[in-house]
1. Could you compute the net charge surrounding T691? Neighbours are other residues with a C-beta less than 15 Å from the C-beta of T691; K and R count +1, D and E count -1.
2. Assuming R0 = 45 Å, can you tell me the calculated FRET efficiency for the pair T1102 and A1158, based on Cβ-Cβ distance, to the nearest 0.05?
3. Between D489 and V315, what is 0.36 nm times their sequence separation minus the Cα-Cα distance? Round to one decimal in nm.
4. Within segment 287-314, list the residues whose amide N lies under 13 Å from a label point set 7 Å along Cα→Cβ of Y387.
5. So how do 729-737, 1187-1195, 497-505, 641-649 stack up, highest first, on mean other-Cβ count within 10 Å?
6. Within the chain, which DSSP H helices have Cα atoms that stretch 15 Å or more along the helix axis and a mean Kyte-Doolittle hydropathy of at least -0.5?
7. For the residue pair T266 and T1007, what label-to-label distance in nm results when each label sits 7 Å from Cα along the Cα-to-beta-carbon direction?
8. Within the set of other residues whose C-beta is less than 12 Å from the C-beta of I1131, count the net charge using Lys and Arg as +1 and Asp and Glu as -1.
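Laboratory data are not the source of any read-out in this text; all were calculated from the coordinates shown. The structure presented is a predicted model; accordingly, all values stated were derived computationally and were not measured. Don't worry about glycine lacking a Cβ; one is built from the backbone with ideal geometry, like all the others, and counts go over all protein chains shown.
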Amino acid sequence: MAKTNKGRKLFATTATAALVASAIVPVASAAQVNDLNTVSSYAQEAVQDLVDRGVIEGDAKGNFNPKNSVTRAEGATILVKALDADTTATINFTDVKAGAWYYDAINAAVNNGYFQGQGAGKFNPSGNLTRSEAAIIFVNAFGLEGSANLADFSDAASVKSWAKEALEIAVANGVIKGDNGKLNPNANITKQDFAVMFSRAEEASVNPAADLKAAVENLKETVGKLADKVTAENATAAKTAVADTKAAIEVTEKALEAAKEAKVVTDEEVKAIEEGIAAAKTKLEAAEKLVAAYEESLTTVKVESVSATNLKEVVVQFNTTVSAEEAEKITNYKLDGATLNAVSSATLSEDKKSVVINFSSDGPTLTNQKVHKLTVSGITKLASAEYTFTALDVTVPEVKSVEVLGNKVINVHFSEPVKKDSAQTRINYKVNGFVVNGEVELSEDGKTATITLYSRLKAGVNKVSVAGVQDYANMTIINYLDKEFTVADDTAAPASFSIVSATLDAAIVKFDEAVDAETVKASNIYWTDNDGVVKHGANSAVATDSTFTTYKIIFADNKLPARETTLVIEKASDLFGNVASKLSTKVTATVDVTRPEVSSLGIYTDEYGNFTAASSSQLDIKFNKAISTSQFTGVNSENLVVKNAKGEVVAVASSAVAKAKHTNTLTVTLSNALEEGKTYSVEVKNVVDGTALNNKMIPQTFTIAVPEITAPTVTNVAVVDAGAEGTKVQVVFSNSMALDGEYSVLKSDRYMIKVGTSWYLLPAGTTFQPTYDSKAVIITIPKDAKYDGTNVLTAGAITGFKTTLVADKNGNKLAGLTKEILDTDTPLWGNTTAQIIPAKTIATAKNKVKVVLDRPLQVVYASDFLVNGTIVPTSASYETVDGQGVVTLTLPTNLSANVTATVSTVAQANVRSLDLLGNKIPTVSGLTVQDGVAPSLVASTTNTGINAIDSDTIELHFDENLSSTFDAAPANKAALAGMFTIKVGLNQSKTLIAGTDYVADIKDTDTSVVEIDFLTPLTATEKQKITVSSNDAAMYIFDFNAFNLTGGYTYANKVKFGTTAVGNAGILDVAAAAAAAAVQGQIASLPVVGTLTYADKTAVDTARAAYDALSADAKALVTNVATLTAAETEITRLGNVITSVAAPSITTTTGTHADNAAVLAALGTTVTVTKEDGTIATASVAWTASADYDAATAGDTVIYTGVVTPTAPTTQPTVPVSVTVTVTK
């Protein structure tokens, strides 16, 4: 009946799309259907499958109603959902309204060719589907092919002509199988039968060979869409292509497995397809990496460009947004290797993608048309890197705008930073045709000149001219003449101010208009709780920006309260002269808990950003908040410590001043100058702010490089005959010299030689070779070179050498510009070989000896040297310092403390160390090694080197004898005391004052000992811990041998040591300690509280008397006072215990008391008691009769017993006492 099914012709556009979607989109969760149990058995599997796939859903009640007819709208919906068909198309049917639940499904079904309309522009969504219509739908949807004879069905004649072909194909593919030999072609199809037909059509559409072919074609298509480059423009398409290709590979692999299982593909075809899949995976992997790299680039920060169109600003452009906190931290940038410091600033743009670095008038200046280097670091997801850029300023500065702040103050805004000296010259400005009569001040960024006039301008139009102002490329502003600006006719005084921020110590306020800074006076500012009845005045007020609207008001003495109060500012005037008599607003201060933090730290520069002679001994430090200069003095010098590359302390803070015109910036002077050209680490710690909480900083460490600002000099010239090579001239400089540029030391025209009485340029063919540190140049003149065109030059003929117009690497030109050295100028005209300088041979540590030669060396061997005739150094290090070769020998053993040693070299034949000219270093014997080693504290297992010797003296023991620059006069003892920092107390919270609390001197009988005498007695708590350290800001005690050093080492061996505890501080108060110990023993001997009796009172009182007699210091050493107090409490309690009760005396004669009431009245309610301490007290008593007094007969006796109840502090003993009285009736 049926012919072979030829498969599906629409695989690529239907099922493949569904498979791809299922590979990348999670399957929807199964819908909840309540009446699946009513589905006929033959349809249950098909219905359940569509439910699980989320295609079939229940109605409002959750029912599927399997035997109900399917409407056209329902059929379209089921089919479109099952095939995941595109629903974006729009087909206009008059009976399918937008917004209807079936609108999208019907449009998709018709657009994909599953359904057709029913004419006249209608779809008939509510009409029922017949079985013939369903056959057409499924044949179209799945692209089924084939043919079957319908004659076997008894109702074949009822098949409509338009449905015949579709029914033949449906029967051929098993989609319709008939019911009892009938097709029922015109009957409505039920929901469960629709599901069955869908399942059969889907199964019939599976054709492994065709599916595989379509999958392979689809894979080729998706692979072809993979991008070989991912940019912002194609990123979305590239990611889609990756996803599509990944899914297509999965579909193809599944299709291949199905085809292999069905045996419809040959081995050769399998191999080719597998190779295609592998190739697709390789391309996919590459595409995925490109996409991943692109997405990473969106999060990885990169510097896209660095540029400078003027000489005071650099613009850094990033590829994405960056943090303002990081991007605006100026120390995250280095210019030409030097970290930018507090005088420069960085400002992030509004889009957070670029930073403008402004060097200010005090910062560095770029060189026009020169390549500079900017290092950027410290920004999250940005690798630290160096970027080159060329500063190029070819634009004349312009006035961008004139801002009127008032009728006395105007701001002139320039297009770029301009020079301070030209910008602040008032004759460069004219207002209304007259030279400015007032003051001009340039802003920190060099781009705004604020003109403050002495007289007010008229309201209305005025004119300004600017001339003579130069940028840093020396280009002068032009053509800014008589430009109009308008001054408002402002007669209104400032109306209000607001609180920007407020702490207990200060308030930042902002006025509603610019205010004259001279009228915002501390004397006119206060806070009050009662409308000014009590005024708490401010200490100072200062403008914080160039708009004159924002001011910082300091309340150092009268702190603002941490609650709401009223801040009042009186007599504030705007810049038009309008005065506000009184302005006020509410303010609630918060406690400032922000720690001080160093924003930037660098070498000092002057107001123009230039290094000076003071730069080697001063640092500029910018904090995040105001810091007092008192944080860096000799007293707290350890707040700033400078260490060299070896980790040795070389300088500490000595003093500090506020750097003018720099917010929160201090210039700190060091105790010692630093070496130019060296790198140091600087630690800043212990700094506290001036706020109510005295917030303390977390230690920070910075690296600084001290620039070489001293002009270089020629320190040595040596001329030798180099044989076949010709003549060699070694020129040694004090600094590292420039090797390129205009002032390079490698230029031939920078040198001349003298032969006889005449000077000549260097002959042609002369070559130049710098040393590794650029501090020397070896000049080689060819052997047969003629100095005058006729005569051959020899080394012996040269009698002088001239150097001119060279500079060091920092641009410092040769001192004097030209230096002539003649062969008679010793020691500048050197020997033919390098010479050891005896005066500079010195021990720099207990196991190190420094040997200095008069010129650089090219190679050094430790084995060339001997110490004390026999000791061979274990190693030798080398550096060139000021043009001299410095060799440091490390010894296998330590020298004696006072350094008694000599240095020699081995026999000349065995010497291997060479100078730059190839000459061996000379042979020397028995050179005295000077003592350059500072004394050290002598510690042992029983002491720290610092020990107390009596109640007011401690001694510092060193390993060698000491000397001082002072004699033993009392005033000098006070000065020497300043060399030491002494802290006391367990928390080390108190620092003693030198000269007031203690003095110091070298001991007369043993000059290796320093005595420190306490002038002010220490308290017991202070003596609990005492530490001493050297103060590098005041160094007056030295190694005794330091006075005898030569070679510039005088007073080199300063005593230095870190914080060291006094080993036996208890000796400082022996008497107090002994007395305290005795009393402590008395207290300890008392019985414990539970066993004390009143008989122990004498011992307790004696202990108390002994304790009270102690001094305050001794009392502080007694640790069991609580025991004594507890014993006293117990003795007092025992003394209050009742020992006896006095019975009341009443008449007992017969007939005296008529009845019981009379007896009780006579007995009373109180009795007298005697206590253990012998005192008398009154206690309550309750009486109980032994018999009924009223029933007794005359002459009978009745005993009355009284129960005693004492009143505190009186107490009953362990066995309570009572009282009895016998009464006769």
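1. After counting each charged neighbour, the total is 0.
2. 0.25
3. Values: separation 174, 0.36 × 174 = 62.64 nm, distance 4.04 nm.
Contour length minus the Cα-Cα distance gives 58.6 nm.
4. 301-309, 314
5. Going from most to least packed, we get 729-737, 497-505, 641-649, 1187-1195.
6. Passing helices, by number: 72-83, 131-142, 161-172, 191-204, 208-223, 235-262, 267-299, 1070-1085, 1121-1135.
7. Distance between the two pseudo-spin positions: 11.1 nm.
8. -3
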